[in-house]
Amino acid sequence: LCTLPGVGEWTAQYIAMRVLRESDAFLASDVALQRILAVDKVRPDRGQLLARAEAWRPWRAYATLHFWTSEVQQESAKQGERNHAIAV
């Protein structure tokens, strides 16, 4: 896929994960994943993220989806708290 114009590593891994259902596809350059897995607000680089994700093999795509979903749920909860505070 990466040989196609405009298709990079992130896109190829995303297609592998979502379309081809590859359980070990991993988006090491995903900015959201780097932000979620930051330690003391220091984001891991691609290599650090790959090293950390070795423990998740062969389920790295599932781990990625879990982190993304958790972040969305946390943001929704924060928004709900803000809305409640405004309404009170």
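Every number here is computed from the coordinates shown, using simple stated rules; none is lab data. The shown structure was predicted, so the numbers you read here are calculated from the model rather than taken from an experiment. Virtual Cβ from ideal backbone geometry, glycine too; neighbours counted across all protein chains shown.
What are the residues in the range 1-22 that are surrounded by 13 or more Cβ atoms within 10 Å (Cβ to Cβ) and either under 10 Å from the mean Cα position of the chain (by Cα) or not aliphatic (A, V, I, L, M) (or both), if any?
Hits for the range 1-22 are GLU9, TRP10, THR11, GLN13, TYR14, GLU22.
Search the range 29-64 for residues being charged (D, E, K, R) and within 21 Å of GLU75 (Cβ to Cβ), and hand back the single one that is surrounded by the most Cβ atoms within 10 Å (Cβ to Cβ).
We begin by selecting, within the range 29-64, every residue charged (D, E, K, R); these are 30, 35, 40-41, 43, 45-46, 52, 54, 57, 60.
Right, trim to within 21 Å of GLU75 (Cβ to Cβ) and you get 30, 35, 40-41, 43.
Working: ASP30: 19, ARG35: 13, ASP40: 4, LYS41: 6, ARG43: 14.
The extreme case among them is ASP30.
For the range 1-50, name all the residues that are of a type in the set (Gly, Ala, Ser), within 18 Å of SER70 (Cα to Cα) and part of a helix (DSSP H, G or I).
Matches in the range 1-50: ALA32 only.
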